[in-house]
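To start, the structure itself, in structure tokens.
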Amino acid sequence: MWVELNDPAPYRTRRRRARVVRESRVFYVYVLRSLRDGKHYTGSTVNITKRLGEHNAGKTESTRRRRPFVLVYHEEYLTREEAERRERFLKSGKGRQELKEILNGAVPKW
């Protein structure tokens, strides 16, 4: 099939398909607890297992010196934007307070 380079139809179709695939993924906001210092780290990802492994392998500069980590909490979102918005909130003052209240019942005191 011959397609003119100026014809946008094939490109629109590809973008639509890509969006459908992207929107069907689940995005996570997660909270890790350092077993070394007891502090928490909040982040977002599409694959919690892989991301936890990266943190524990020292591949993340901000958490390298605080490993090992355990997953203590996570939430699921349908879009990356929602997950990132929630992550930013949990890193704010009010968000930290809310997270503290959530984790008080979920995280054992070591």
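FYI, it's all coordinate maths here, none of it is from the lab. If you're wondering where the values come from, they're calculated on a predicted model, not measured in any experiment. With ideal geometry, Cβ positions are generated from the backbone for all residues, glycine too; neighbour counts draw on all protein chains shown.
Spin-label pair residue 88-residue 26: with each label point 7 Å from Cα along the Cα-Cβ axis, the two points sit 2.5 nm from one another. With the simple model of a label 7 Å out from the Cα in the direction of the Cβ, residue 37 to residue 98 spans 2.6 nm.
Once fully extended, how much extra length lies between residue 79 and residue 46, figured as 0.36 nm per residue of separation less the alpha-carbon to alpha-carbon distance? Show your work: numbers first, answer last.
On the way: separation 33, 0.36 × 33 = 11.88 nm, distance 1.00 nm.
So the chain would gain 10.9 nm between residue 79 and residue 46.
Each other residue within a Cβ distance under 13 Å of residue 52 adds +1 if Lys or Arg and -1 if Asp or Glu, for a net charge of +4. Each residue of segment 59-68 is assigned a 3J(HN,Hα), and the resulting list reads 7, 10, 4, 5, 10, 3, 7, 10, 6, x Hz, derived from the Karplus form 6.51 cos²θ - 1.76 cosθ + 1.60 (θ = phi - 60°), x at Gly and Pro. Summing charges over neighbours of residue 66, with a neighbour being any other residue whose Cβ is under 13 Å away from its Cβ, gives +4 when K and R count +1 and D and E count -1.
Viscosity 0.692 mPa s, temperature 37 °C: give me the Stokes-Einstein translational D for segment 48-87 in µm²/s, with Rh taken as the Kirkwood radius over C-alpha pairs.
For the chosen part, D equals 289 µm²/s.
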